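These notes are about the structure you will find just below.
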Amino acid sequence: MSVAAPEALTAAVLWHGLALPLARLLVSVSVGLFVGTLIEALHWTRAVAKVAQPLVRLGRLKDVAGASFSLAFFSGAAANAMLAEAHDKGEMSRREVVLANLFNSLPTYFLHLPTLFFIAAPFIGRAAVLYVSLTVAAALLRTLGIVVLGRLTLPPLPEGCVVCRLADDPKWDWRAALGKTWRRFTKRLPRMVFYTVPIYVAFFFLKRWGAFDALEGWMAEHVAFLAWLPPQAMSIVVFHMAAETTAGYAAAGALVQTGGLTVKELVLALLVGNILSSPVRAVRHQFPYYAGIFKPALALHLIVSNQTLRAASIALVTLAYALWG
C-alpha cells in the first residue's frame, strides 16, 4: 500500500498538528497528576475505594487500587497518577501496579462509551447497540479476569498491614494538603515533561513520514486468515485498520444501506477491525501520555499488557458471538 506524501511542514501545521495537541496533552496529564495527588493528600481515597472494595479484596489488591478504579470513572490520568505515586513510595510492587492498571480498563472504557455509541449509531443504527454491548461485555470480562489473576498471583494481604489500607484520617486540612500536593506535583512534573515532549514530537514526525500508515497498511493487506468473513465485510476491517475508526463505521453504514451484510456479519467485522487496529493506535496515542506518568519501561509494559488483554477479551466475545449469536 502506497503512503501519501505529507503536507508541507509550515508554521500552521506545526502549530495545529503538534504544538496545540501537545499542549492539551500536557495540561490534561498535569491536571490529572495534581488532582490524583490532592485526593490522596486529603485522604478521600478511602471513600472512593469503598465502591470497588469487594472486587479489590477478592483480587488481593490494595485499597489504593480500589481508589484508582473508582477515580478512573472520572479521570484516567488522575487514576494512573495515583498508582504511580503509590509505586514510587514503595507501597505497590510493579506487579500490583500492572494489575491495578489493567483493573481500571472497565471504568476507562466507560469514560469513552458515550462517544463511541453516538459516533457509531448514526452510521450503523441498531447494530451499534449490539456492537457496543459486546465491547462492554469484553470490558467486564477483562475486569473479572484481573480479579482472578490477582487472586492467583498476589499473596494474601497480611493482617494489620499498614500500606494495604488507605489512610483513614477524618480531618481535612486543606492548607496542609495543598502544600503537600504542590511539593509532590512540582517534583513529578519535570519528569513528566522530560519524557512526554520528546516522545510526542517523535511520534508526530513518525506519523508524518508515514510509519504508522505503512504499518497499518501492511496489516490491512495481510488479512487472509479472515477468509471466513464475507468479502463485503473485509472492506470494514480494512477501513477500520487503515484509517480512523469513523471510516470503518462509514463503510459499515454504506453496506447497511445497500443491504450487503446481515447485522451479525456487520458486528463481527467491526469487532475484528477493533482487535486489529487498536495496538498500533494505542502505541501511537497512549505511549507519550503513559510515559509522562510512569517510567518509560513501565509505561510500555502497561500498554502492551492492556492491549494484549483487550485483544484477548474481544476475541473471546467475537468467537462466542460468531458461534452462538
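Of note:
- L111 being under 21 Å from L26 (Cα atoms), open to solvent by 40 Å² or more (accessible area, probe 1.4 Å) and in contact with a Phe, Trp or Tyr (Cβ under 9 Å, 6 or more places away or on another chain): yes
- Among the conditions (1) crowded, with 23+ Cβ neighbours inside 10 Å; (2) modelled with pLDDT under 90, G90 misses just one, which is (1).
- Residue match in segment 54-70 (condition: at pLDDT below 80 and open to solvent by 20 Å² or more (accessible area, probe 1.4 Å)): no
- Residue count for segment 296-310, restricted to those that are in contact (Cβ under 8 Å) with a residue 24 or more places away in the chain and within 18 Å of L276 (Cα to Cα): 5
- Inclusion of L26 among residues that are within 20 Å of K187 (Cβ to Cβ) and modelled with pLDDT of 75 or more is warranted.
- Among the residues making up segment 114-127, none is outside any helix (DSSP H, G or I) and either without any contact (Cβ under 8 Å) to a residue 24 or more places away in the chain or open to solvent by less than 20 Å² (accessible area, probe 1.4 Å) (or both).
- Filter result for the condition that a residue is closer than 30 Å to A202 by Cα, at pLDDT below 80, exposed (fewer than 14 other Cβ atoms within 10 Å of the Cβ) and over 21 Å from the mean Cα position of the chain (by Cα), over L20, L9: L9
The rows are residues; the columns are (1) surrounded by fewer than 18 Cβ atoms within 10 Å (Cβ to Cβ); (2) modelled with pLDDT of 85 or more.
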| position | (1), (2) |
| --- | --- |
| L255 | no, no |
| T258 | yes, no |
| L261 | no, no |
| L271 | no, yes |
| S277 | no, no |
| R281 | yes, no |
| P288 | no, no |
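- From V272, V283, V317, residue being touching a residue at least 12 places away in the same chain (Cβ under 8 Å) and farther than 24 Å from N101 by Cα: V272
- Residues of segment 201-216 that turn out to be at pLDDT below 75 and open to solvent by 50 Å² or more (accessible area, probe 1.4 Å), as a count: 4
- When segment 49-96 is filtered for residues that are polar (S, T, N, Q) and in contact (Cβ under 8 Å) with a residue 24 or more places away in the chain, the ones remaining, listed by number, are S68, S70, S75, N80.
Residue by residue, here is whether (1) touching a strand residue (DSSP E or B) at 6+ places or on another chain (Cβ under 6 Å); (2) among the hydrophobic types (A, V, I, L, M, F, W, C); (3) in a helix (DSSP H, G or I) holds:
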{"residue": "P54", "(1), (2), (3)": "no, no, yes"}
{"residue": "S68", "(1), (2), (3)": "no, no, yes"}
{"residue": "F73", "(1), (2), (3)": "no, yes, no"}
{"residue": "P107", "(1), (2), (3)": "no, no, yes"}
{"residue": "V129", "(1), (2), (3)": "no, yes, yes"}
{"residue": "S133", "(1), (2), (3)": "no, no, yes"}
{"residue": "R142", "(1), (2), (3)": "no, no, yes"}
{"residue": "P155", "(1), (2), (3)": "no, no, no"}
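- Residues that are modelled with pLDDT of 90 or more and of a type in the set (G, A, S) within segment 119-169 comprise S133, A137, A138, A139, G145, G150, listed in sequence order.
- Any chance V35 is closer than 27 Å to P190 by Cβ, within 23 Å of the chain's Cα centre (by Cα) and either modelled with pLDDT under 85 or among the hydroxyl-bearing types (S, T, Y) (or both): yes
The values are calculated or read from the model by the stated rules, or taken from the named source; none is laboratory data. Computed from a predicted structure; not experimentally measured. Positions of Cβ are generated from backbone atoms using ideal geometry, with glycine treated the same way; all protein chains shown enter the neighbour counts. The area values use the complete protein model at the heavy-atom level, side chains included, leaving out ligands, DNA and RNA. Shrake-Rupley method; radii C 1.70, N 1.55, O 1.52, S 1.80 Å.
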